[in-house]
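Some notes on the structure that comes next.
A short reminder: the numbers here are calculations on the coordinates, not readings from a lab. These numbers were taken from a predicted model, which means no experiment stands behind them. Here the Cβ positions follow ideal geometry from the backbone for every residue, glycine too, while neighbour counts run over all protein chains shown.
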Amino acid sequence: MLEKLSEKFSDVVRSIGGKATISEKNVEEAVEQIKLALLEADVNLRVVRRFVNSTLEEARGEKVLRSVQPGQQFIKLVHDKLVALLGEGRSDLVLKGPDTTSVILLLGLQGSGKTTTASKLAFMLKGKGRRVLLAACDLVRPAAVEQLRVLGSQIGVDVYIEEGAKDPVKVAAAALAKARRELYDTLIVDTTGRLQIDEPMMQEIVRVRDAVKPDEALLVADAMTGQAAADIAKTFDERVGLTGVILSKFDSDTRGGAALSLKSVTGKPVKFIGTSEKPEGLEPFFPERVAGRILGMGDIVGLVEKAQSVYDQKQVEELERKMANSDFTLQDWLEQLGQVKKMGSFKSMIEMIPGLAGQIDEDRIDRGAMKAQESILQSMTRKERSNHLIIGPSRRTRIARGSGTSVGEVNRLLKQFEKTRLAMKKMMKNKGQMAQMMAQQQKGR
Ligand SMILES: Nc1nc2c(ncn2[C@@H]2O[C@H](COP(=O)(O)OP(=O)(O)OP(=O)(O)O)[C@@H](O)[C@H]2O)c(=O)[nH]1
Ligand SMILES: [Mg+2]
């Protein structure tokens, strides 16, 4: 997610963030770099111009250049501007209480991810205790109804289907009647993929809208289409009226143009992002976290939340203390390997770690290598694991033999351990800076 953009922004952060003093020229160069990065990310040109001008104007001012940590202040400014672009705060669904039926209408271009997203949303809302009915109102694509039927049964959500039906307006109305009658509190309507320039199709979706009067009319837009997503959203909003956007295929979007253009161009918030093809691959969109990722500061909040689901608070604090002081030992590492397995996808974790985001190739982290690491660590004595400095050549030979690996592999692991320790220390430092920045931001409000 956003790898390319994050790479560019991280360069800026590295080059200017650590400077004790910065000149107007430094600021101008950094802003120029940012401008190029945004254009390459396929952000709408008007949005880029506004971003660049307002950043320049504010960064040149006293508050940044004359501040105690001008480099950090500059990055904070860029961070805040990114957050503003992305939409300032979380926009959740606005649904009615469980006593009535709320309606969510999904619309968008062909292949944008509507049907998949309908089932993901259903799965998410079901997890929150809502009683959901899916309505199959794409009667154009031959396999569409069947696709929704299969998805619904996979997640255990009922699907309203009218065999042989031709009119989506009628099906939508009948689905709503059923939902009300049978006390479903949420109806999610999947619709046909349509082109915004196809007038009859646009008229049809307006009629579907009028038949169900949705609480949420959400455009499902493919994040990989870049700023085009914002233009599409604009037209759909003008014609049908949108309450928000779901950016699908965010996992495959390395550039970020859609996410960064949408709010400014359309005024509509991104409510969710699609992060995989699976039912659980839908996440709330948090502007702050995405801005953190773009700046290569990682999604610290996300990482901590993920960790907290596996560790308890005490363990997290202890781990953080060790990481900050380089007290982290091979023993800890061995224990972490076990925890990491529990936390799930290695890639999604690494992406959240500042400094490592975008630098590690997922193909290089394979489970087999993790297994080998584990057996090397297990072949060490506890004493060796708590102080890796005592592991000389003869111990290395013994460990290699014991773990069925080679001395080369043992050496590599020890080197990697040193590197990881360093990265952790840096990350904890960054985390402190982020926390400081956030605190200042809160005060400034
Ligand atoms: N990686 C990834 N793939 C996705 C995501 N959302 C949808 N897809 C894939 O995109 C393809 C199209 O998804 P659909 O849900 O069928 O799209 P649609 O908008 O309903 O398509 P039509 O009904 O033909 O207009 C499928 O292969 C999905 O698995 C996502 O968030 N991430
Ligand atoms: Mg579909």
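Order of Ser153, Ser403 from fewest to most other C-beta atoms within 10 Å?
Ser153, Ser403
Based solely on its DSSP helices, what 222 nm [θ] is calculated for the chain when runs of n ≥ 4 H residues each add -39,500 (n - 2.57) and the sum is averaged over all residues, nearest 500 deg cm²/dmol?
It comes out at -18500 deg cm²/dmol, rounded to the nearest 500.
Out of Glu409, Glu88, Glu32, any idea which swings most in a Gaussian network model of the chain, alpha carbons joined below 10 Å?
Glu409
According to the Kirkwood expression over distinct Cα-Cα pairs, how big is the hydrodynamic radius of region 100-159, in Å?
Over region 100-159, the inverse of the mean reciprocal pair distance is 11.9 Å.
Quick check on the exposure proxy: order Leu134, Leu86, Leu151 from fewest to most C-beta atoms within 10 angstrom.
Ordered by Cβ neighbours within 10 Å, fewest first: Leu151, Leu86, Leu134.
Neighbouring Cβ atoms within 10 Å as the yardstick, rank Glu57, Glu162, Glu384, Glu146 fewest first.
Going from sparsest to densest Cβ surroundings: Glu57, Glu146, Glu162, Glu384.
Between Arg90 and Glu335, with labels modelled 7 Å along Cα→Cβ, what's the label distance in nm to one decimal, could you check?
Computed distance between label sites Arg90 and Glu335 equals 3.0 nm.
Express in nm, to one decimal, how much length is gained between Lys126 and Glu163 on full extension, taking 0.36 nm for each residue of separation and deducting their alpha carbon distance.
Stretched out fully, the Lys126 to Glu163 stretch lengthens by 10.8 nm.
Apply the Karplus curve 6.51 cos²θ - 1.76 cosθ + 1.60, θ = phi - 60°, to the phi angles in region 89-94 and return the couplings in whole Hz, x for Gly and Pro.
x, 7, 10, 8, 5, 10
Within region 177-269, which GluC sites (Glu not before Pro) sit in a loop by DSSP and count at most 14 neighbouring Cβ atoms inside 10 Å?
Loop-located and lightly packed - Glu182.
If you take every DSSP beta bridge whose two residues both sit in region 102-292, what share of them, in percent to the nearest 5, is antiparallel?
Here the antiparallel bridges make up roughly 10 percent for region 102-292.
If the cut-off is 21 Å between C-alpha atoms, which lysines fall inside it for Lys170, apart from same-chain ones fewer than 8 positions away?
Lys114, Lys178, Lys213
Want the number for Lys63 to Arg321: 0.36 nm per residue separation, take away the alpha-carbon distance, what's left?
Length gained, Lys63 through Arg321: 89.6 nm.
Between Lys383 and Glu146, how high is the FRET efficiency from 1/(1 + (r/R0)^6) when r is the Cβ-Cβ distance and R₀ = 56 Å? Nearest 0.05.
It comes out at approximately 0.35.
Can you return the aspartates and glutamates within cross-link range of Lys63? Criterion is Cα-Cα under 15 Å, with same-chain partners fewer than 8 residues away left out.
Lys63 reaches Glu24, Asp80.
Could you give me the percent of Cα pairs per 20 Å distance bin for the chain, shortest bin first, beginning at zero and ending with the bin that holds the maximum distance?
Binned Cα distances yield the sequence 23, 45, 28, 4.
Check Leu134: other-chain or 5+ apart residues with amide H under 5 Å from its amide H, H built from backbone geometry?
Residues meeting the amide H criterion: Asp158, Val159, Tyr160, Ile188.
Express as a percent, rounded to the nearest 5, the fraction of DSSP beta bridges in the chain (both residues included) that run antiparallel.
10
Angle, helix 168-181 long axis vs. longest principal axis of the chain, Cα atoms, 0 to 90°, nearest 10?
For 168-181 against the chain, the angle is about 80 degrees.
Cα axis of helix 313-325 to longest principal axis of the chain: angle in degrees, 0 to 90, nearest 10?
With rounding to tens, the tilt is 50 degrees.
Residue by residue through region 392-401, which ³J(HN,Hα) values in whole Hz follow from phi under the Karplus form 6.51 cos²θ - 1.76 cosθ + 1.60 (θ = phi - 60°), with glycine and proline marked x?
x, x, 5, 5, 4, 4, 4, 5, 4, 5
Which distance in nm do the two modelled labels at Leu422 and Glu182 give, with both placed 7 Å along the Cα-to-Cβ direction?
My value for the distance between the label points is 6.2 nm.
Any idea what angle helix 228-239 forms with the longest principal axis of the chain, computed on alpha-carbon atoms, 0 to 90 degrees, nearest 10?
30
Given 0.36 nm per residue, what is the gain on full extension from Thr254 to Glu7 after removing their alpha carbon distance, in nm?
Separation in residues times 0.36 nm, less the Cα-Cα distance, equals 87.9 nm.
Once phi is turned into ³J(HN,Hα) by the Karplus curve 6.51 cos²θ - 1.76 cosθ + 1.60 with θ = phi - 60°, what whole-Hz value does each residue of region 113-127 show in order, with x for glycine and proline?
Karplus-based 3J(HN,Hα) across region 113-127 equals x, 4, 5, 4, 5, 4, 6, 5, 4, 4, 4, 5, 5, 4, x Hz.
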